[in-house]
Amino acid sequence: MSSQPISDEAKNCEPEASAATPPSAHTPFIAPGGDAYFNRELSWLAFNERVLAEASNEQYPLLERLRFLSISGSNLDEFMMIRVAGLVGQAQRGIDRPAIDGRTPSQQLSAIREKASAIALRQQDIWRDLRALLAASDIHIADEQRIEASAHQWLEAFFLDEIMPVITPQALDPAHPFPFVHNEGMGLLFTLSRDADEEQIMEMILIPGALPRFVRVPGEIAGEGEAIYISIASLIQRYAKKLFPGFTIKGDGLFRVLRDSDIEIEEEAEDLVRTFRSAIQRRRRGQVIQLELEEDFDPQAEEILLEQLGVHEAAVIKTDGIIGIDGLAEIVKEDRPDLKFAAYSPRYPERVREHDGDLFSAVREKDIIVHHPYESFEVVVDFIRQAAADPDVVAIKQTLYRAGSQSAVINALIEAAENGKSVTAVVELKARFDEEQNLKWASKLERAGVQVIYGFTDWKTHAKMSMVVRREDSGFRTYCHFGTGNYHPVTAKIYTDLSYFTADPKLTQDAAKMMNFVTGYVEPSGLKHIAIAPLNLRQEICNRIDTEIANARAGKPAAIWIKCNQITDEAMINRLYAASEAGVRVELVVRGICCLRPGVAGLSENIRVKSIIGRFLEHSRIYAFANGEPMPSAQAAVFIASADLMERNLDRRVEALIPILNRTVHDQVLQQVLLANMLDVEQSWWLHSDGSYTRVEPPTEGDTKPFNCHRYFMTNPSLSGRGGALEAGGVPKLSLRKGRSG
């Protein structure tokens with residue numbers, strides 16, 4: 001990588017204060033209590049509305065807009081299966097414990113269903129718009145009535161050869177028990193009349209999950225440059241007569257089922273692996289939480305479904321559009337680069353290249369932080385690969401929360417064990433929706449000779465950490481990787497996260513104590529730098545906030561900058577309110593849920609909250625405290641973490657808060673990564689004191705180009721990984737100009 005000139009993006013990276021100031025609005029004083037907080041579930045739905053809004057963003061390529069639509073559908077499904085299912089369970093058991101805003105479970109469910117229904121309607125409106133735009137771009141999503149004659153012969157043959165042998169019609173009558181419909185299962189109900197005697201019969205066809213949601217007609221049949229898709233459900237409806245000879249089809253209807261998918265594990269479980277295998281099976285048979293139906297679904301068939309599935313009418317969603325919005329992700333795979341974001345290849349840290357790819361040599365020289373997805377996840381994989389092959393490495397210890405279905409990290413750990421290294425892997429079985437995959441990885445690791453630990457029964461091990469112990473001339477040296485994201489090769493391409501590599505004994509010694517805590521329940525003593533949840537991480541953050549409060553009262557500069565995914569913990573919110581009242585300037589970048597109410601006189605007037613939604617999913621957690629000097633400065637206390645400000649992260653998970661002690665890394669995290677998030681105006685939304693979000697308005701005066709933090713990181717190298725070949729001026733320096741630095 002050679003020296004890079006300052007880009008146009010960087011030349012205009014000092015927006016006026018007005019470019020980063022939310023619109024003013026009169027807000028009455030709100031005393032601490034229920035009105036001081038937003039409801040967690042409604043805040044999450046507001047987040048999904050922001051995701052859905054990107055599907056209408058005309059600045060994005062068409063298939064990327066479709067991707068955001070499918071993501072909003074997948075998000076909403078998971079929300080129903082986990083959060084709504086939990087509230088339904090509480091309501092059924094008569095639990096009236098109020099949420100942070102004072103609402104009972106029943107009150108929350110009422111508000112959620114109203115909001116979720118509005119989102120579902122908006123999804124269908126956007127789908128109709130996108131469908132027309134896709135057709136104009138030669139991508140056609142057909143239904144059973146709208147198939148060109150030229151494609152009919154191929155589709156019929158495909159149905160007879162590929163679909164018909166897989167599906168199984170089942171009559172619904174006393175002689176045939178109602179079939180089980182699995183979670184996220186889709187099915188068709190047919191109302192038939194026997195031609196011989198006109199007897200009415202109802203048949204169900206469950207659509208196997210192994211089938212794709214859409215079938216693509218081959219290009220040579222569809223026509224040059226044309227893509228024609230038809231859903232499996234529409235295909236079955238189109239050729240249903242082949243399934244029911246001797247019957248007349250009077251009607252048909254598509255439905256989809258969502259079930260309670262949360263897993264509860266008893267603390268006294270004797271065999272955690274066996275318990276989880278059983279719990280995964282129970283999840284597939286959980287209570288039905290939502291039933292989706294086509295708008296013109298047969299009333300008699302609907303009544304049968306409601307009765308057999310045990311569904312309350314409040315959980316029924318009817319639509320005249322597409323059922324299962326998440327399935328549109330298959331259309332996004334269409335090979336049309338012109339309708340997608342320009343391809344992006346992440347950089348490999350130049351500093352590591354200067355050491356001929358030897359990560360241990362590079363890290364031994366100086367700490368490195370890698371910013372994903374702008375910098376390659378391969379550097380993390382190489383860290384384990386090199387450790388596996390290095391004859392001087394004696395031990396590797398690794399936490400695994402989510403590793404994906406094809407994990408190079410897992411394979412590297414197996415190779416290390418086969419090479420005779422002492423390898424320990426902490427595999428978290430409670431990683432939601434990855435439990436089954438993690439069980440498979442655990443078995444594979446154990447067969448290779450890896451010592452597999454499952455951590456705590458009642459706490460999730462959510463910290464992301466690797467340790468490599470290496471024999472060197474001066475004795476044993478420990479190298480560590482700390483991450484804000486998972487060891488997952490797929491999400492590392494779309495999630496913004498930080499990977500911190502260090503051999504600093506001040507951190508590696510604490511890391512060893514933390515690992516022993518997870519593997520052997522040995523509570524660490526004498527931690528000097530790293531804070532660990534649920535032991536002292538909460539207290540460390542509180543102490544840092546209190547220091548800022550004391551500095552503000554003493555007339556010193558005082559500011560708090562936080563970037564995280566969620567803020568829901570009441571005690572932490574109250575601490576930030578106290579900081580605001582003391583005069584501390586609090587800037588929060590919260591991607592998802594935020595229960596904190598900003599901008600309220602007498603409560604939070606010094607707190608601003610923004611959310612960034614864009615090409616990449618913001619996932620890194622960064623905590624920065626002014627420490628007596630104007631922000632940002634070299635004196636600021638800066639941390640990266642695996643934890644958000646949620647009760648579960650602070651009290652019921654094993655998490656790590658890592659101080660950034662190296663000067664170059666400190667500058668990159670604070671004055672490059674965090675500051676760029678503060679300056680972004682193109683992808684940002686302000687949270688207002690009434691709970692609404694509005695897009696940040698870019699500056700209109702002058703020729704200042706709106707700052708986009710994703711574009712900035714895609715076009716500029718990192719500070720700590722840039723290498724000596726890059727001049728200092730090659731990385732444009734960001735700064736607050738007339739901003740609220742505290």
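Does any residue of the stretch 313-330 turn out to be more than 30 Å from K250 (Cα to Cα) and in contact (Cβ under 8 Å) with a residue 60 or more places away in the chain? Checked against the condition, which is being more than 30 Å from K250 (Cα to Cα) and in contact (Cβ under 8 Å) with a residue 60 or more places away in the chain, the stretch 313-330 yields at least one hit.
Of all residues in the stretch 303-324, those satisfying the criterion of being touching a helix residue (DSSP H, G or I) at 6+ places or on another chain (Cβ under 9 Å), farther than 21 Å from A136 by Cβ and either at pLDDT 95 or above or assigned to a loop (DSSP other than H, G, I, E, B) (or both) are V311, H312, D320, I323, G324. With the structure loaded, tell me whether R122 is in a loop (DSSP other than H, G, I, E, B) and buried (at least 16 other Cβ atoms within 10 Å of the Cβ) or whether it fails that test. Here the answer is no, as R122 does not meet what is asked. Considering the stretch 426-470, and only residues there that are modelled with pLDDT under 80 and at positive phi, the residue that is farthest from the chain's Cα centre (by Cα) turns out to be G455. Would it be correct to say that G526 is in contact with a helix residue (DSSP H, G or I) (Cβ under 7 Å, 6 or more places away or on another chain) and in a loop (DSSP other than H, G, I, E, B)? No. Taking the criterion of being touching a Phe, Trp or Tyr at 6+ places or on another chain (Cβ under 7 Å), crowded, with 18+ Cβ neighbours inside 10 Å and either farther than 18 Å from T484 by Cβ or aliphatic (A, V, I, L, M) (or both), the residues of the stretch 638-657 that qualify are I640, A641, V654, A656, L657.
Screening N536, N565 for residues that are of a type in the set (S, T, N, Q) and either buried (at least 17 other Cβ atoms within 10 Å of the Cβ) or within 23 Å of M631 (Cα to Cα) (or both) leaves exactly one candidate, N565. A count restricted to the stretch 488-505 and to residues that are of a type in the set (F, W, Y) and within 14 Å of the chain's Cα centre (by Cα) stands at 1.
Conditions tested, residue by residue: (1) buried (at least 22 other Cβ atoms within 10 Å of the Cβ); (2) assigned to a helix (DSSP H, G or I).
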position: L42; (1), (2): no, yes
position: A53; (1), (2): no, yes
position: Y60; (1), (2): no, no
position: R65; (1), (2): yes, yes
position: S72; (1), (2): yes, yes
position: N75; (1), (2): no, yes
position: F79; (1), (2): no, yes
position: I82; (1), (2): no, yes
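So is L339 farther than 26 Å from D497 by Cβ, of a type outside the set (F, W, Y), at pLDDT 95 or above and crowded, with 19+ Cβ neighbours inside 10 Å or not? Answer is yes for this residue. Inspection of the stretch 253-261 identifies no residue that is more than 35 Å from the chain's Cα centre (by Cα) and assigned by TED's automatic domain parsing to the domain that holds H176. Scanning the stretch 118-169 for residues that are under 27 Å from L45 (Cα atoms), among the small types (G, A, S) and in contact (Cβ under 8 Å) with a residue 40 or more places away in the chain returns a single hit, A120. Taking the stretch 190-232 as the range and being closer than 22 Å to S150 by Cβ and either free of Cβ contacts under 8 Å to residues at least 60 places away in the same chain or among the charged types (D, E, K, R) (or both) as the test, the residues that pass are R216, G219, E220, E224, E226.
Here is the figure for the stretch 444-453: residues that are assigned to a helix (DSSP H, G or I) and under 14 Å from S407 (Cβ atoms) total 2.
Being surrounded by 17 or more Cβ atoms within 10 Å (Cβ to Cβ), at pLDDT 95 or above and part of a helix (DSSP H, G or I) holds for only one residue in I331, I410, I414, I396, and it is I331.
Per the conditions (1) closer than 21 Å to I304 by Cα; (2) touching a Lys or Arg at 6+ places or on another chain (Cβ under 9 Å); (3) among the aliphatic types (A, V, I, L, M), the sole criterion not satisfied by A222 is (1). If you take the residues of the stretch 440-487 that are of a type outside the set (G, A, S) and out of contact with any strand residue (DSSP E or B) (no Cβ under 8 Å at 6 or more places or on another chain), which of them is nearest to I369 (Cα to Cα)? Selected residue: E472. Evaluation of I112 against the conditions (1) more than 19 Å from D260 (Cβ to Cβ); (2) part of a helix (DSSP H, G or I); (3) under 28 Å from the mean Cα position of the chain (by Cα) shows that the sole unmet condition is (1).
Do you know which residues across the stretch 232-260 are under 11 Å from M186 (Cβ atoms) and of a type outside the set (A, V, I, L, M, F, W, C)? Result: R256, single match.
For beta carbons closer than 8 Å, sequence separation of 6+ or different chains, a first residue in the stretch 428-443 that is in the same structural domain as D458 (by TED's automatic domain parsing) and surrounded by fewer than 20 Cβ atoms within 10 Å (Cβ to Cβ) and a second that is at pLDDT 70 or above and among the hydrophobic types (A, V, I, L, M, F, W, C), the qualifying pairs are R432/I82; E435/L429; L439/L429. Note on the stretch 486-498: residues that are within 23 Å of L650 (Cβ to Cβ), of a type outside the set (A, V, I, L, M, F, W, C) and at pLDDT 90 or above total 3. Taken together, L235, L243, L211, L206 contain a single residue that is among the hydrophobic types (A, V, I, L, M, F, W, C) and modelled with pLDDT of 95 or more, which is L206.
When restricted to residues that are part of a strand (DSSP E or B), surrounded by fewer than 18 Cβ atoms within 10 Å (Cβ to Cβ) and among the aromatic types (F, W, Y), the stretch 166-214 contains 0. Quick check, is I494 buried (at least 20 other Cβ atoms within 10 Å of the Cβ) and either on the phi < 0 side of the Ramachandran plot or touching a strand residue (DSSP E or B) at 6+ places or on another chain (Cβ under 8 Å) (or both)? No; evaluated as a whole, the condition is false for this residue.
The values are calculated or read from the model by the stated rules, or taken from the named source; none is laboratory data. Here the structure is a predicted model, which means the values were calculated and not measured. Glycine gets a Cβ as well: all are built from the backbone with ideal geometry, and neighbour counts include every protein chain shown.
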